[in-house]
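First up is the structure itself, then whatever we jot down about it.
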Amino acid sequence: MSMIKQQADRDGVPFWFDPLCPWAWITSRWLLEVEQVRPVRADWRIMSLAYLNLVQREGKGLSEDYQELMVKAWGPVRVCAAAAEYGGRGVLGPLYTAIGTRLHNQRRRDDPTVMTEALAAADLPDSLAAAATSTEFDQVIKDSHDEAFNEVGLDVGTPVLRIGGTALFGPVITPAPRGEAAGQLWDGLVMVAATDGFFELKRSRDRKPSFE
């Protein structure tokens, strides 16, 4: 059986991410682990923390430093949107991996070469990096964002994924479970998503994101 056929036979899992979010990055690496042990495949989609926090929430309750971070957050997701318009949504997986590896694992958030490097690593033209400072693709971002947040609500952030028709925020985890442990967490989420009327499980975070 070809790899394409194997992927087509798997259940798609829509996963909305903002490339700047370290927690979404960890969860995305977990979902890639799940692909190895369960018949699922990640369906990468974009959302925007900048749009969520600065526009939809009108910047309420944000510190000055976080507001500045949100302004910067427009850049990476705009590049992702431009790339998806150029090459189709299928390019988002490789591009997200390339961006996230540099922003999070390599801790290069302030390096202006990250976007062009990441585009090259994903076999995309470096000219797409210009989208970071353009509003041309903002409606594309908002449309993708709204697909998730019209369902899951505005009191959460990223990551958001959809399992069996139910959109959920999370899981927020650190570090990413590997192997069968990743699959067991997935199994639990499948059960949660299938429970009518389920809304929330949560505990306070007492660890920083770990990218190991």
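Coordinate-derived values only; no laboratory data. In this text, all values refer to a predicted model and were calculated from it rather than measured experimentally. Here the Cβ positions follow ideal geometry from the backbone for every residue, glycine too, while neighbour counts run over all protein chains shown.
Between Arg205 and Arg108, take the C-beta separation as r, use R0 = 25 Å, and let me know the FRET efficiency to the nearest 0.05.
About 0.55, to the nearest 0.05.
Treat the count of other C-beta atoms within 10 Å as a stand-in for reagent exposure and order Arg45, Arg108, Arg203 from fewest to most.
Lowest to highest Cβ neighbour count: Arg203, Arg108, Arg45.
Could you give log10 I(q)/I(0) at q = 0.12, 0.14, 0.18 Å⁻¹ for the chain, computed by the Debye formula over C-alpha point scatterers of equal weight, without solvent?
With one equal scatterer per Cα and no solvent, log10 I(q)/I(0) is -0.62, -0.86, -1.46.
Could you check the simple spin-label distance between Thr195 and Asp123, using points 7 Å along Cα→Cβ, in nm with one decimal?
Computed distance between label sites Thr195 and Asp123 equals 4.3 nm.
Hey, could you grab the Kirkwood Rh for region 85-207? Inverse mean 1/r over distinct alpha carbon pairs, Å, one decimal.
17.1 Å
Note down, for region 117-167, the three equivalent ellipsoid semi-axes (square root of 5 times each alpha carbon gyration tensor eigenvalue), biggest first, whole angstrom.
Listed largest to smallest, the semi-axes of region 117-167 are 28, 15, 9 Å.
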